[in-house]
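Have a look at the structure below before the remarks.
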Amino acid sequence: MHNTILQIALDTPLDTTFDYRYVASTENSAQPQIGQFVRVPFGKREVAGLIVGVNKTSDVDPQKIRDVIELRHQITALSSHWMQLCEFAAEYYQRPLGEVALPAVPKALRDAKVGAIDRAMKKIAALAKTKEAETIAGAETAQHVTHTLNEQQQQAVDAIAATTAYACHLLFGITGSGKTQVYLQAAKALLEKTKARGEHAQILILVPEINLTPQLEDQVRASFPRLNVVSLHSQLSEGERLRHWLAAHEGQADIVLGTRLAVLASMPHLKLIIVDEEHDSSYKQQEGLRYSARDLAIWRARQLAIPVVLGSATPSIESWQHAETGRYKRLTLTQRAAAQATLPRVGLIDMERDKAVEGLCPSLLSALRERLARGEQSLLFLNRRGYAPVMHCDACGWISNCRRCTAFMVLHKPERRLRCHHCSLELRVPQSCPTCGNVDIQPLGRGTQRVEEHLQTLFPEARILRIDADSTRRKGSAQEAFESVHRGDVDILLGTQMVAKGHDFKRLTLVGVINPDTALFSQDYRASERLFAQLMQVAGRAGRAASEVGSVSEVLVQTRYPQHPLYRALMNQDYTGFATSVLEERHSAGLPPFVFQALLRAEAKTVDKALEFLTTAKTLLDHEGIIINDPVPMTITRVAGVERAQLLLESTSRTVLQAFLKPWMQALRESKSRLRWSLEVDPVDI
Ligand code: ADP
Ligand code: ZN
Ligand code: ZN
């Protein structure tokens, strides 16, 4: 009988590991190793844990040490590289290791019965065998679309493939410049290079949106018919996620394609990381461990001394700054790749002159009519779902406030509901004003549902499709919707940011942007950067194969501020000019990327309680080299009945900030305050 003491990380907010005893039942049973999973008793529950240390002894009273219930020896232990990645994320984002490492692996692996894991292991082994057989037989299944790369694409591929150590490449290519081909060819070159050395290579490709994975997955599979490609995203079933994760972890998957959570996938032979649309805000996790998948991808590449590629037509200001200073290597694609593709012409519609009816200006309508007459597709972009953002009573001034949040309840007309988009509260639409009984209560403003309704009356013959979070609730429905657009079954596509990203719509020659102005005056200093990226992106959906359909593509933006520099830059499709002026502004205002920030948030029954906690937090420790601002209520102060406030910390040195945060967190934990608080490092929504 061997007794071993194991240090185990558990998914709890307590910033410590826990000692357990492992008793080997027979002489030859498996010895526990760092990086293996266990099941252990914790309080009255049984939970999953990760072994982070193996010792003979412990400081804990032996009476109090409990036994491991089960050692998951059939799964290869996680590598020290993976453990270091989690340790870094835990340190940097100020969370306990267990809260990083355990949620990073599939639930099924943590909780499942051993039988389920055995079955999954058999399945992935069988899959690997089939791939091997295909390779031996030389079976080329999918027909493979390769383009001869243009000169700029080839230069980019060569630069990436020539990298033999860590390097971060910023692939700055306009929409439609063929960035995907660069990723795939660079991957191919790298696979060949490593194969020639007799090494195994794995490649990680991150995409911002689940809805973009099927399109890219098809392309990747077609380019690499003999390789094992798996996806990792939140819409997989538990069983799929387990199999895909295991395939990556056991080295059987060659290419892993996933959303942000895939950045923590275990890939023992990782040789290249690609982050598509690197500027996209969905790379930032907004709850729990608030990590940036892009930043972790870069850290991971540096740790492994491998190349990482960040691709975008509108890079994040941070990445652009790094390219300017030479920390990132910039690779530029300035032309649309497809032979017939042209860049669309961007025009502004001055709403002061061209008065809108139901939100649509006459000149936009006539452009729509032209497309309908020619049998071409149009896309209307309105980043607001629902029918109307608020309901209102003219007689008494009642307004559809959410009773639990500092927010309006949004009218969803088809469902006849008022919905709060912050706390999910739902009410039936009242028949009359709840305050004065007036039966004539009105929707104010407009969302996608209302524009859809209006378009239907204007163009009864047209096939109109709305794509937003409401129309695509059912699993798989978003993909079906996009496929019908690709098939040409849709004349007018209307949607939120869901339609702005990535899709290569071949027959689309008009993009109309309905109500972008609000973002110009947001308190959030990143709002204009986001708006510009979004508009460039949605504009980029047009003209991808213009001469196939025979007409020039157009982007029309309805605005009250046609002179605004942001719209001027958009008209010239001038990202570089825009980024330069944003960087100048940020520099003179002392904002990121010239300073580093962290944000402490507190939640309480009253704003005063939250502010009081933050005021105390501010004075807890000396903070030389760090500016701690005054605590303030959050913009949306109340959500689901909870009042929220925040405290912003800034420093010109990341190291100084990090050095302060650790003891500060410790002090905050020891203050044993009963209210909920959380820290975000490098916050994006302030
Ligand atoms: P991006 O991701 O940069 O917006 P895509 O990778 O979607 O651009 O490419 C846009 C279109 O150009 C696609 O239809 C793609 O097949 C095509 N394409 C890419 N590279 C070439 C090339 N070298 N020659 C011809 N067509 C190309
Ligand atoms: Zn009223
Ligand atoms: Zn609410």
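The values are calculated or read from the model by the stated rules, or taken from the named source; none is laboratory data. Predicted, not measured: the structure shown is a model, and the values here were computed from it. Here the Cβ is made from the backbone with ideal geometry for all residues, glycine too, and neighbour counts use every protein chain on show.
Things to note:
- Residue within segment 398-409 that is more than 28 Å from LEU535 (Cα to Cα) and among the charged types (D, E, K, R) present: yes
- Residue within segment 71-88 that is among the charged types (D, E, K, R), crowded, with 18+ Cβ neighbours inside 10 Å and closer than 27 Å to HIS269 by Cβ present: yes
- The lone exception for PRO389 - which of (1) more than 29 Å from SER432 (Cβ to Cβ); (2) within 14 Å of ligand 3 (Cβ to nearest atom) it fails: (1)
- Being within 16 Å of ligand 2 (Cβ to nearest atom) and small (Gly, Ala, Ser) holds for only one residue in SER400, SER424, and it is SER400.
- Single condition GLY502 does not satisfy, out of (1) touching a strand residue (DSSP E or B) at 6+ places or on another chain (Cβ under 9 Å); (2) at positive phi: (1)
- Only residues that are exposed (fewer than 15 other Cβ atoms within 10 Å of the Cβ) and under 21 Å from VAL410 (Cα atoms) were counted across segment 464-481, and they come to 2.
- Residue check: PRO443 meets all listed conditions (1) closer than 20 Å to SER553 by Cα; (2) within 16 Å of ligand 2 (Cβ to nearest atom) but one, namely (1).
- Wholly enclosed helices (runs of 4 or more DSSP H) of segment 150-243 bearing at least 2 residues closer than 25 Å to GLN285 by Cα: 179-196, 213-223
- So ALA301, is it more than 16 Å from ligand 2 (Cβ to nearest atom), touching a residue at least 12 places away in the same chain (Cβ under 8 Å) and aliphatic (A, V, I, L, M): yes
- GLY35 vs. criteria in a loop (DSSP other than H, G, I, E, B) and touching a helix residue (DSSP H, G or I) at 6+ places or on another chain (Cβ under 9 Å): yes
- Exclusive hit being at pLDDT 95 or above and assigned to a loop (DSSP other than H, G, I, E, B), set GLU287, GLU278: GLU278
- Strands (runs of 3 or more DSSP E) wholly inside segment 584-662 containing at least 1 residues that are at pLDDT 95 or above, within 21 Å of ASP295 (Cα to Cα) and outside the structural domain of ILE317 (by TED's automatic domain parsing): 596-604, 642-651
For every residue, the table says whether it meets (1) assigned to a loop (DSSP other than H, G, I, E, B); (2) away from ligand 1 (no atom under 16 Å from the Cβ); (3) out of contact with any Pro (no Cβ under 6 Å at 6 or more places or on another chain); (4) closer than 20 Å to LEU372 by Cα.
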residue: HIS421; (1), (2), (3), (4): yes, yes, yes, no
residue: THR457; (1), (2), (3), (4): no, yes, yes, yes
residue: LEU465; (1), (2), (3), (4): no, yes, yes, yes
residue: LYS475; (1), (2), (3), (4): yes, yes, yes, no
residue: GLU480; (1), (2), (3), (4): no, yes, yes, no
residue: VAL485; (1), (2), (3), (4): no, no, yes, yes
residue: MET498; (1), (2), (3), (4): no, yes, yes, no
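- Of the criteria (1) in a loop (DSSP other than H, G, I, E, B); (2) within 30 Å of the chain's Cα centre (by Cα); (3) not hydroxyl-bearing (Ser, Thr, Tyr), which one VAL52 fails: (1)
- Test for THR332: is it among the polar types (S, T, N, Q), touching a strand residue (DSSP E or B) at 6+ places or on another chain (Cβ under 6 Å) and surrounded by fewer than 21 Cβ atoms within 10 Å (Cβ to Cβ): yes
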